[in-house]
Every structure is written in C-alpha cells, then in structure tokens.
Amino acid sequence: MTPEDRRAFLETLPLAELHRHFDGSIRPATLWELSEKYYSAVPGLDFEAFRRYLEWDDKQDKSLIDYLDKFHVPLQYTQFYDNIMRIAYEIAEDAYADGIRLLELRINPLIHRRAGLTTRQVLHATRKGLVRFKDAHVDFRCGIVVIAMRSHGGNMARILLREIIGERQDFHSDVGVIGFDIAGPEAPFPPIL
C-alpha cells in the first residue's frame, strides 16, 4: 500500500471525539443570533469582531485562565432549555460534518442553572438535542460526560455526582450520561473530590 493509498484509506474511517466541551463548541453565529434576541454580552462589536473575541488570541491570551474568562459570553445564553437543546443538536451536527461518528460531549450542568433550570433539566435538554440529531443519523453515537468544576470545590462535585447517579435510568442508556470528570484550571485546585 502506498502512502497515498494509506492516507486515502484512513480518511474513510469514522472518527471518535472523546473530549468536546459544550461551552467551547457553540457556533459563533448561534451566539450572535442569541445575543441579538436577548441582549449583547459584548456590546459594540460587529459579528467578525465578536467571533474573534471568542477565539484564542496569541497577543492577549497567555494562559488557560485568560481563555476561560471568555466563557461568560456563551453562559449568558445557555441558561434556557430551548437554547441548550438547540446548541447540543448543532454541536452534534458540526461533529458529524467533521467526520465524527462517536462523540462524548462534556457539560457542567451547574453553570447553566442561573435562570432557574435544574441539573435534570439541563441534562434533559442536552440529551434531547443529541437524540434529535442521532435519530436522523443512525451511524452517529454520542454520550454525555458530566463535569464538575474544580473551582466549585469537592462538596459541589459530590452533590452533582449524587444527583446524576440518582437520575432516571434513561439518562444512563443510549444517549445519556456515560461519565463524570473534573474540569477547570488546575492551579490552585487539586484534582480530588
């Protein structure tokens, strides 16, 4: 097999993505549309400047903390059930367009509850968006990895874990919760529960 043949063969294989974050995978166009519907989280920018604001900037961003500071923008719009459902669908759609046929989507339900949603509602909306996409694409599989933020502390992580374990069985089958992880800046938060 020539290198070109090997490359052509490899390009036909389905891909798996085991680490895609919900908040970091939202389409800039969707955020822009939601900012026009509700209010602008970054006033005074046109779409291109808004899109660039959301991206890593080598001149301004020097650490993970600098980049994570930008996440206040998507969090303004991911507090609503329908928005979460739509975004989950679009994330699956974008992954599929990239050749991904197995997706593990990571989400922290606690940071999407500011407008009154429960952990269960956040996960249900995420699951519903993923199921809607999966039902139309039988060769696509996905699951949800729930994450706890290091900065929220071990007690909040344990509470979140108990909530998830106690959920109905449908959250743990087919398209459902398949794992639990800790995320966020490592310093000064040790990776322990």
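With contacts taken as Cα pairs under 8 Å at a separation of at least 6 residues, the chain carries a relative contact order of 22 percent. When the Cα positions of TYR77, TYR96, GLY153 are compared along the charge dipole of the chain, GLY153 comes out farthest toward the positive end, with charges on each C-beta of Lys, Arg, Asp and Glu. Dipole of the chain computed with +1 at Lys/Arg Cβ and -1 at Asp/Glu Cβ about the Cα centre; of GLY184, THR30, ILE65, farthest Cα towards the positive end is GLY184. Centroid-to-centroid, using Cα positions, segment 147-163 and segment 19-96 are 24 Å apart. Within the chain, what's the longest stretch lacking chymotrypsin sites (Phe, Trp or Tyr not before Pro) that sit in DSSP loops with no more than 14 other Cβ atoms inside 10 Å? Value returned for the longest uninterrupted segment is 57-193. Under the convention that each Lys and Arg Cβ holds +1 and each Asp and Glu Cβ holds -1, the size of the dipole of segment 15-183 around its Cα centre is about 640 debye.
Calculate, for GLU17 and LEU161, the FRET efficiency according to 1/(1 + (r/R0)^6) with r their C-beta to C-beta distance and R0 25 Å; round to the nearest 0.05.
Details: r = 24 Å, r/R0 = 0.95.
Efficiency, from the Cβ-Cβ distance: 0.60.
For the chain, the residue among ASN108, PHE140, THR12 whose Cα projects farthest onto the positive side of the dipole built from Cβ charges is ASN108. Compute a Gaussian network model of the chain, connecting alpha carbons closer than 10 Å, and tell me which residue from VAL42, VAL73, VAL131 fluctuates the most. Maximum among the listed residues: VAL42. Quick one: among LEU13, LEU123, LEU105, which has the greatest mean-square fluctuation in a GNM of the chain with alpha-carbon springs under 10 angstrom? Among LEU13, LEU123, LEU105, the largest GNM mean-square fluctuation belongs to LEU13.
Rounded, prolate or oblate for the chain? Axes are the square roots of the Cα gyration tensor eigenvalues, ordered a ≥ b ≥ c, and the cut-off for rounded is a/c under 1.5. Write out the running numbers ahead of the final one.
Numbers: a/c = 1.38, a/b = 1.11, b/c = 1.24.
In terms of gyration-tensor shape, rounded.
In this Cβ point-charge picture (+1 for Lys and Arg, -1 for Asp and Glu), segment 75-117 has a dipole of about 280 debye about its Cα centre.
We did not get these values from a lab; they are worked out from the coordinates using the rules stated. Everything quoted here is computed from the prediction, not taken from an experiment. Positions of Cβ are backbone-derived with ideal geometry, glycine not excepted, and every protein chain shown enters the neighbour counts.
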